[in-house]
Each structure stands twice: as C-alpha cells, then as structure tokens.
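Enquirer: Mind looking over this structure? Questions follow.
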Amino acid sequence: MIFDKLEKQRISNGTQVLALIDPDAKNDKILPKIIDTVNKSNFDGLLVGGSKIIDDNFNHRLSFIKENTDLPIILFPGDSSQISENAEAILFLSLLSGRNPKYLIEEQVISARKINDLNIEVIPTGYLLMKTEKKSAVELISNTSPLDMNNTNNVIDHCLAAQYMGNKLLFLECGSNSNSSIELNLLKQISTKITIPLMVGGGIKSKEMALSLAGSGASYLVIGSLIEQKLDFNITLEINESVRGLNVG
Ligand code: 1GP
C-alpha cells in the first residue's frame with residue numbers, strides 16, 4: 001500500500017517531499033523534461049493532477065508518465081474526471097475550507113465507483129485552502145473562499161474537523177505558484193493540535209522555505225511549479241536532500 005509505505009518512510013527518514021506534475025496540455029512540450037527532472041531529484045513520491053485539464057488527453061499523459069518513471073502515481077485530482085487506471089493511489093480530497101457541495105461530496109460520489117472498479121488505493125484527505133495575496137486556481141474553479149491564516153482558531157477548528165471526520169492526511173494548500181506558503185507560526189500551532197500527517201503545498205520555491213516548513217511540522221511537502229519553471233534537477237535534488245532526516249518519528 002502506497003500510503004503505508006510513505007508513512008513508514010516518513011517515520012524512519014523524516015519529512016517526505018512529493019513532486020506534483022500537472023498533466024495539462026500546457027505542459028505537453030516539456031513533459032519529458034519534467035519527468036526527467038523528477039526522476040533525477042530523489043523525490044519520495046509523485047502526485048499527478050491539476051485544477052483543470054483543458055482537453056481529453058489526461059489518461060494518455062498519465063500513461064506516458066507511468067512509462068517513464070519508477071515512482072508510483074498518486075492522483076491529486078481537480079475533479080472526478082481525473083481518475084485513471086494508470087494510478088496506484090488517489091488523494092480522496094474533500095475541500096473542507098469551502099462550502100461548495102460539488103467539492104465537499106458531489107465529485108466524490110461521482111468518482112467512487114470508478115475508483116472502486118479500478119482498485120485504486122484511497123487516501124482520505126482533508127483539503128484546506130489558505131488565503132494568500134494571489135487568488136489561486138482552486139479558489140476560482142471551486143468558487144469557494146479560502147481560510148484567512150490570521151484567524152488561527154478558525155483554521156485549527158477546520159483541521160480538527162478534518163481529523164475527526166477520519167481523514168488520514170491533511171493537505172494545507174496555498175495554491176499553485178503562490179507567492180507565499182503557509183505561515184510558519186500557524187503551521188506550528190496546527191501541528192501541536194493535529195495528530196494526522198500534515199501535507200503542505202503551494203509556493204515552495206527554495207531550500208530555505210522547505211527547511212522552515214519541515215521544521216514547523218510539515219510531514220509532506222509538495223513541489224510542482226518549481227519543477228516546471230526551472231527544469232533543473234540540481235535545485236529540487238538539493239531541496240529534497242536538505243529536509244531528509246527532519247521530523248523523524
Ligand atoms: C499545488 O500545492 C501544490 O496544488 C503545489 O504548489 O505548484 O506552487 O509547487 P506549487
């Protein structure tokens with residue numbers, strides 16, 4: 001089981017770093033280079049998914065990714081159309097920061113039978129979108145309001161609710177290519193209250209940022225835009241090696 005394996009790695013090696021590939025048409029030309037960068041960066045896992053796929057080639061791109069990497073594919077779907085037999089696991093997300101039924105339960109119901117038929121491992125994940133300077137694609141597409149990071153109690157209440165609902169993972173999202181990631185003090189406070197692993201993503205662009213997030217309680221870091229923008233494995237490899245050993249146990 002993929003999640004058990006990641007958790008075992010996390011407990012013995014510390015914070016895990018996952019690559020995120022957006023399998024959208026915009027990346028078609030650089031997809032081989034993205035995969036090559038991921039393969040050479042010693043990532044601990046691979047997420048694949050995007051807010052919106054503009055054509056019907058999602059599955060085709062997943063096959064291509066699968067053929068070209070040894071990392072198992074974990075879906076991080078923007079909606080129920082992003083389910084594929086080429087994946088081994090799925091973050092079964094519920095956008096709990098929002099109040100739009102489509103992303104709280106409707107897309108989940110639409111996708112459940114397909115996931116079951118394809119025998120994809122399900123990782124129940126509470127998904128919380130944080131407010132940053134820039135409006136994220138998630139905010140625009142889901143038509144939901146992100147959580148104000150200054151309202152610590154409200155964020156922690158959402159985190160606790162996500163945990164009490166039985167989620168195995170909590171994804172704290174600042175939006176792809178965000179100018180900032182989650183505030184460190186908030187992350188620290190969340191990590192003292194929450195016992196399920198914390199996955200942090202959105203705007204991780206440097207080793208310093210990755211180290212601060214891991215040092216503040218992030219169990220998993222997700223890096224997407226940096227891979228696409230730089231296509232330089234030296235940068236991502238340095239980040240991944242730097243957090244190894246932090247948060248062991
Ligand atoms: C987006 O959290 C992920 O959903 C990754 O964000 O693309 O900014 O790395 P970046």
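Enquirer: Take the Cα pairs of the chain, get the Kirkwood Rh, then feed it into Stokes-Einstein at 25 °C and 0.890 mPa s and tell me D in µm²/s.
Expert: Using the Kirkwood radius from Cα pairs, D works out to 137 µm²/s.
Enquirer: Here is a further query. Report, ordered by chain and residue number, the lysines lying within cross-link reach of Lys26, taken as a straight Cα distance under 18 Å and ignoring same-chain residues fewer than 8 apart.
Expert: Correct list for Lys26: Lys52, Lys230.
Enquirer: Also: Once Rh is set to the Kirkwood radius over Cα pairs, what Stokes-Einstein translational diffusion coefficient, in µm²/s, holds for region 1-105 at a temperature of 4 °C and a viscosity of 1.567 mPa s?
Expert: Estimated diffusion coefficient is 89 µm²/s.
Enquirer: So who's got an amide H within less than 5 Å of the one on Gln16, skipping anything under 5 residues away but keeping other chains? H placed 1.01 Å off N, in plane.
Expert: Hits under the 5 Å cutoff: Tyr220, Leu221.
Enquirer: Something else: Based only on other Cβ atoms within 10 Å, what is the fewest-to-most ordering of Leu246, Leu95, Leu221?
Expert: Lowest count first: Leu246, Leu95, Leu221.
Enquirer: At a 10 Å Cβ-Cβ cut-off, how would you order Tyr164, Tyr220, fewest neighbours first?
Expert: In order of increasing Cβ crowding within 10 Å: Tyr164, Tyr220.
Enquirer: Show me 184-196, 39-51 ranked by packing, highest mean number of other Cβ atoms within 10 Å first.
Expert: 39-51, 184-196
Enquirer: Where nothing but the Cβ of Lys and Arg (+1) and of Asp and Glu (-1) is charged, how large is the charge dipole of region 9-118 around its Cα centre, in debye to the nearest 20?
Expert: For this selection, approximately 280 debye.
Enquirer: Only counting other Cβ atoms within 10 Å, I'd like Lys5, Lys29, Lys134 sorted with the fewest neighbours first.
Expert: Least to most surrounded, the residues fall as Lys29, Lys5, Lys134.
Enquirer: Right, next: Dipole of region 2-242, Cα-centred, from +1 at each Lys and Arg C-beta and -1 at each Asp and Glu C-beta, to the nearest 20 debye?
Expert: In total the dipole reaches around 380 debye.
Enquirer: Out of Asn234, Pro197, Tyr220, whose Cα points farthest toward the positive end of the dipole of region 191-249 (charges: +1 Lys, Arg; -1 Asp, Glu; placed on Cβ)?
Expert: Looking along the dipole axis, the top candidate is Pro197.
Enquirer: Just the ratio, please: alpha-carbon radius of gyration of region 177-242 over 2.2 N^0.38 Å, N its number of residues.
Expert: For region 177-242, the normalised Cα radius of gyration is 1.11.
Enquirer: Further, regarding this structure: Would you kindly state how much longer the chain becomes between Val248 and Lys230 on full extension, computed as 0.36 nm times their sequence separation minus their alpha carbon distance, in nm to one decimal?
Expert: Going from the current span to full extension adds 3.5 nm.
Enquirer: Please turn the phi angles of region 126-132 into ³J(HN,Hα) values with the Karplus equation 6.51 cos²θ - 1.76 cosθ + 1.60 (θ = phi - 60°), one per residue in order, whole Hz, x for glycine and proline.
Expert: x, 10, 10, 9, 9, 7, 10
Every read-out reported here was derived from the displayed coordinates using simple, explicitly stated rules and does not represent laboratory data. Everything quoted here is computed from the prediction, not taken from an experiment. Note: ideal-geometry Cβ built from the backbone for every residue, glycine included; neighbour counts use all protein chains shown.
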